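Below is one structure, written out as structure tokens; comments come after it.
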Amino acid sequence: MAERTALVAGACSDALQQDTTEGLVIAVVNTGSNSITFVNATSFTTGLSADLTPPTGTPGTLDARGTLVLVPMGSANVVRAYSFGTVTGPPTIFLPTNSGATGVAIQSDSFAWVANPNLNTVTRINYRTGDTLGQTAVGAVPVAVAIVGTRVFVVNSNAPGGTPAGASWLTSFDCCAVTTKDSIPLTGTRARAITLGADGLLYIVQAGTPSAADGKLSIVDPTTRRELAVVNGLGESPGPAVYHPSGRLLIASATEGILEINTLTRAVARGPGAGIKPGGAGISALALDPRGRVYALAPGACVSPGTVRVLSAPPDYNPLKTATVGVCPAAAALSAVPLLH
């Protein structure tokens, strides 16, 4: 297997290269209350909370691009769109019957791709018109999507009903041309989340078998389209990850808090028993702001409003503030919606 010899020094996304949080918020999707809450990334206070119903679903993921936030509604066959009136388009985008909607990736200023776990497909949508532009067959139980350049990468969990039926894999194809699809085998089961690092690599979190504490991370080169490395030792059912500009991969864990991977050495820096647990709580998801601060979603027992724990950048993780959001917060992303007070 090919190995990297260096980490891209100081690499980070365009958003993280900004030196201000003015006009930025953290969009938080709340599964239990079917809502989206916006936390001010400057004052760390809770702003608008918007209802995602109708229809009632199980929203657990989102993607944001500029002022736009797209939320797949899980068990409901729709995607909800929010932009505070800055992007023209319908608030609800209807997907094929019995498709489900468990992951989304925004491709451009008009198009996005949505994972359909019940149909083993992904649907391309035009969120400005509300049109669906056809489905592409992928693997078993797709749950997440990422786009690198013009190429779409779909995470096939291969875990119907949450139980692994075998190894997970990625399906990859060009977004805008008729090409042969690639299948990228992964070493692990119940893959659930994917993120693109500033080093140009894809990081796929695999939750493993429930109660087996065998979570792991696959690292995939999107250019050669193969798995480069596997990092074991992530414990029980690790969740979504974010790539910090310091070169750390931060992974949410409901049991361990925030886990860390050193992406240069491809080793666990903070594993089970050594995770960061703000407020002593487990974490469902993470987000970052342009100053590298960490927003950790703490759902609690999912019977009352959860919280977002705002922390200073690693390695310190000093607590800065706690913001109350909706019931069972499950996903978050930085958004460029207007500043909220």
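The values are calculated or read from the model by the stated rules, or taken from the named source; none is laboratory data. Note that the coordinates shown come from a computational prediction; the quantities given were computed from them, not determined experimentally. Counting neighbours? That spans all protein chains shown, and the Cβs are built from the backbone with ideal geometry, glycine included. Surface areas here come from the heavy atoms of the whole protein model, side chains and all, with no ligands, DNA or RNA. Shrake-Rupley method; radii C 1.70, N 1.55, O 1.52, S 1.80 Å.
Using a 10 angstrom Cβ neighbour count of at most 10 plus a DSSP loop assignment to flag exposed GluC sites (Glu not before Pro), which longest range of the chain is free of such sites? Walk me through the intermediate numbers first.
On the way: sites that count: 3, 22.
Answer - 23-341.
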For this session: For the chain, with all protein chains present and a 1.4 Å probe, just round the carbon and sulfur fraction of the accessible area to a whole percent.
Result: 53
Exercise. Hey, if you put +1 on the Cβ of every Lys and Arg and -1 on every Asp and Glu Cβ in the chain, which of 111, 144, 70 ends up farthest toward the positive end of that dipole?
Worked result: 144
For this session: Mind checking the per residue accessible area of the chain for me, 1.4 Å probe, whole number of Å²?
Result: 38
